[in-house]
1. Using only the Cα atoms of region A:1-108, what semi-axes does the equivalent ellipsoid have when each is the square root of 5 times a gyration tensor eigenvalue? Give whole Å, largest first.
2. Could you go through region B:28-45 in sequence order and give the Karplus-derived ³J(HN,Hα) for each residue, using 6.51 cos²θ - 1.76 cosθ + 1.60 with θ = phi - 60°, rounded to whole Hz, and x for Gly and Pro?
3. Using θ = phi - 60° and the Karplus form 6.51 cos²θ - 1.76 cosθ + 1.60, what ³J(HN,Hα) does each residue of region A:6-21 get, whole Hz, x for Gly and Pro?
4. If you build the convex hull over the alpha carbons only and average its shadow over all orientations, what do you get for chain B? Give it in nm² to one decimal.
5. So what's the gap between the Cα centers of region A:11-73 and region B:1-66, to the nearest angstrom?
6. For region B:74-86, what does the Karplus curve 6.51 cos²θ - 1.76 cosθ + 1.60, with θ = phi - 60°, yield as ³J(HN,Hα) per residue in whole Hz, taken in order and with x for Gly and Pro?
7. Residue A:5's amide H: which non-local residues (gap 5+, or another chain) put their own amide H closer than 5 Å, with H modeled 1.01 Å from N in plane and none for Pro or chain starts?
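Read the figures in this text as sums done on the coordinates, not as results from a lab. Since the structure is predicted, the reported quantities are computational estimates derived from the model, not experimental observations.
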Amino acid sequence: NAGVMQNPRHLVRRRGQEARLRCSPMKGHSHVYWYRQLPEEGLKFMVYLQKENIIDESGMPKERFSAEFPKEGPSILRIQQVVRGDSAAYFCASSPDSDYGYTFGSGTRLTVV
Amino acid sequence: DQQVKQNSPSLSVQEGRISILNCDYTNSMFDYFLWYKKYPAEGPTFLISISSIKDKNEDGRFTVFLNKSAKHLSLHIVPSQPGDSAVYFCAASGRGSSNTGKLIFGQGTTLQVKP
């Protein structure tokens, strides 16, 4: 049973471009969480999704950021018109229910140049 | 507003000795606490957790202590091993009816265990 798969591992984007980060949860997990870690900081909650539903997006910036978890396929975190301040490690976690049995992926490191 | 604080950015201990990592929180609604371990270029890995109805939870070399009145928890690792060298994050959540599984993380403490 593969763990939580995130791709790409590293992503470089120029300012103004779009970044798309993918997360495939563990088999049987229908709950997905996205966290962001800025340099020298802890992980900050962004959004919690179940299949086809956004349950809690209280940590998402109001503009340029969106997330989805379609019925088929991975969860996608999309950042439009990236700025240098978006440079961070983005971690996805999945669980079989809304409990704390999270399994984290290895993260996507986004660098905006 | 930093609701979970790890005031020591780093800690260095000798192999075989005890490592004590500390964490403070401000939100009295938090009732579930977790510790995660993170190696460079990897995601966090769950270590141990504790519910607010307990004041101690032990798992092998790892023990977490919770002092609710002081809003303080600590992770003890004994004996410490070089492979324990990593960043340790404290996390907290409130398990009320509105629980969505969201965790609030501290800034992390980098532990170095010297051989």
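1. Square roots of five times the eigenvalues give 22, 14, 14 Å.
2. These are the phi-based 3J(HN,Hα) values: 5, 7, 5, 9, 8, 10, 9, 10, 10, 10, 9, 8, x, 6, 10, x, x, 10 Hz.
3. 10, 8, x, 6, 10, 9, 10, 10, 7, 3, x, 7, 9, 10, 10, 10
4. Average projection, Cα convex hull of chain B: 7.2 nm².
5. Using only Cα atoms to place each centre, the spacing works out to 25 Å.
6. Working through the residues one at a time gives 9, 10, 10, 10, 8, x, 6, 10, x, x, 7, 4, 5 Hz.
7. Placed amide hydrogens put A:24 under 5 Å from residue A:5.
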